[in-house]
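The values are calculated or read from the model by the stated rules, or taken from the named source; none is laboratory data. Given the structure is predicted, the values throughout are model-derived calculations rather than measurements. Positions of Cβ are generated from backbone atoms using ideal geometry, with glycine treated the same way; all protein chains shown enter the neighbour counts. Protein only, heavy atoms only, side chains kept; ligands, DNA and RNA dropped before computing areas. Shrake-Rupley method; radii C 1.70, N 1.55, O 1.52, S 1.80 Å.
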Amino acid sequence: MTVHHDLHSRPETPPAPGRTHEHAWLTESAHRTSTGLIRYVICPDCGSRRVDRQPHPQVPPAALSRAVSPP
Ligand SMILES: [Zn+2]
């Protein structure tokens, strides 16, 4: 008979600032330009910001800038 040994293999740790994690980008503001929709997004988990451009409503936004972490 085997004993469960993986109880602590994946602890649920919340994302901390400075850690690599999947940013949950929220659109803070957006405005239209001739090249498409510019979105200013922020990750509420770590406070990082990024600028995305969405050339067409049917196209997923692409990152214009790299994610900038707060100091
Ligand atoms: Zn983040």
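If you go through segment 42-60 and keep only what is in contact with a strand residue (DSSP E or B) (Cβ under 6 Å, 6 or more places away or on another chain), within 16 Å of GLU22 (Cβ to Cβ) and more than 10 Å from the ligand (Cβ to nearest atom), you end up with just ASP52.
Across segment 24-53, the qualifying residues are those that are part of a loop (DSSP other than H, G, I, E, B) and open to solvent by less than 60 Å² (accessible area, probe 1.4 Å), and the one among them that is modelled with the lowest pLDDT is CYS46. All of ALA67, ALA63 fail the test of being within 16 Å of the ligand (Cβ to nearest atom), in contact (Cβ under 8 Å) with a residue 40 or more places away in the chain and open to solvent by less than 80 Å² (accessible area, probe 1.4 Å), apart from ALA67.
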